[in-house]
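Report on the following structure.
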Ligand code: PLP
Ligand code: COI
């Protein structure tokens with residue numbers, strides 16, 4: 001199979017239509033058998049639930065070319081499970097886990113020419129999503145849904161790759177305490193746009209969202225969880241019921257403990273203790289682990305000792321180990337890697 005002629009080392013985090021995507025429709029209480037299609041357009045009724053009341057959830061995962069030339073995905077079972085949790089919260093029917101995994105395999109295989117080569121720095125981003133396709137005018141769940149899964153080759157999420165980011169503590173809230181912050185619903189991202197455009201216009205790379213109830217604890221950013229490293233080398237991640245349970249974060253905490261022999265702790269992280277940490281990073285499928293050099297809290301600058309030039313030592317080790325596992329240069333824990341080709 002011949003790869004597409006792309007400048008793999010210089011692609012950004014943008015959408016590019018690839019050859020095939022997977023579609024399955026839910027009607028009359030059941031999912032149809034689903035198939036691959038070349039059509040990148042979605043045609044739905046003007047009154048579809050997604051268009052009126054935003055009944056939608058999605059996932060994000062990546063396919064990698066490993067050192068030996070295989071194509072693999074990283075813990076897709078966890079994406080399947082999280083999508084089922086999101087669907088439940090949004091009163092949508094679950095898309096079964098085995099079907100989700102089968103759709104991932106089919107899309108990756110059909111677009112193998114788009115999977116960036118090993119060592120290129122790029123990966124194939126997979127975007128499964130599900131939305132209300134049936135008409136609803138009163139506020140209620142739709143009776144019809146569509147599941148789709150497309151892919152697009154991507155480079156780093158943040159321009160500048162591994163250059164440390166500057167964040168600001170947002171005046172806006174992302175998720176309510178008993179709301180939808182813990183699921184991957186499109187509405188959470190629509191909510192965050194005003195805040196992210198405001199932060200970008202003020203020259204920041206991203207927002208730090210805090211807990212809306214007390215505004216005293218760190219939650220997450222619009223698209224990634226936080227990891228902090230203490231001055232004694234412990235890895236700390238914020239605990240909250242309104243942040244998305246990041247698969248990358250859960251994997252990095254395991255890597256920190258079992259591969260790097262570090263102490264790890266998930267606990268509430270106060271804004272007032274940020275200046276005590278040695279390193280800070282944002283973690284997610286798109287972000288991988290992106291170092292943070294500085295957080296500005298309304299004029300108060302918190303500069304992490306790792307600085308604005310390089311990743312901190314622990315962040316670097318976490319990054320190297322995780323990407324080594326994903327690219328097949330470091331042995332993965334049982335069940336983390338699903339070989340497709
Ligand atoms: N937090 C938010 C709000 C996200 O959108 C994402 C991206 O998926 C993450 C965290 C990271 O999650 P994961 O590591 O599962 O991609
Ligand atoms: C991901 O990391 O997969 C996400 O969905 C985050 C999004 C902001 C791109």
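Quick look at the numbers
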read-out: Extreme residue, farthest from residue 206 (Cα to Cα), among residues of the stretch 222-276 that are within 16 Å of ligand 2 (Cβ to nearest atom) and assigned to a loop (DSSP other than H, G, I, E, B); value: 245
read-out: Per-region count, the stretch 1-10, residues assigned to a loop (DSSP other than H, G, I, E, B), surrounded by 13 or more Cβ atoms within 10 Å (Cβ to Cβ) and modelled with pLDDT of 95 or more; value: 2
read-out: Residue under evaluation residue 241, criteria (1) touching a helix residue (DSSP H, G or I) at 6+ places or on another chain (Cβ under 8 Å); (2) touching a residue at least 40 places away in the same chain (Cβ under 8 Å); (3) within 16 Å of ligand 1 (Cβ to nearest atom), criterion not met; value: (1)
read-out: Any chance residue 16 is touching a strand residue (DSSP E or B) at 6+ places or on another chain (Cβ under 8 Å), in a helix (DSSP H, G or I) and within 16 Å of ligand 2 (Cβ to nearest atom); value: no
read-out: Residue selected from the stretch 284-329 under the condition under 25 Å from residue 74 (Cβ atoms) and in a strand (DSSP E or B), by the criterion nearest to ligand 1 (Cβ to nearest atom); value: 284
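The values are calculated or read from the model by the stated rules, or taken from the named source; none is laboratory data. Nothing here was measured: the structure is a model prediction, and the numbers come from that model. Cβ atoms come from the backbone with ideal geometry, glycine included; neighbour counts cover every protein chain shown.
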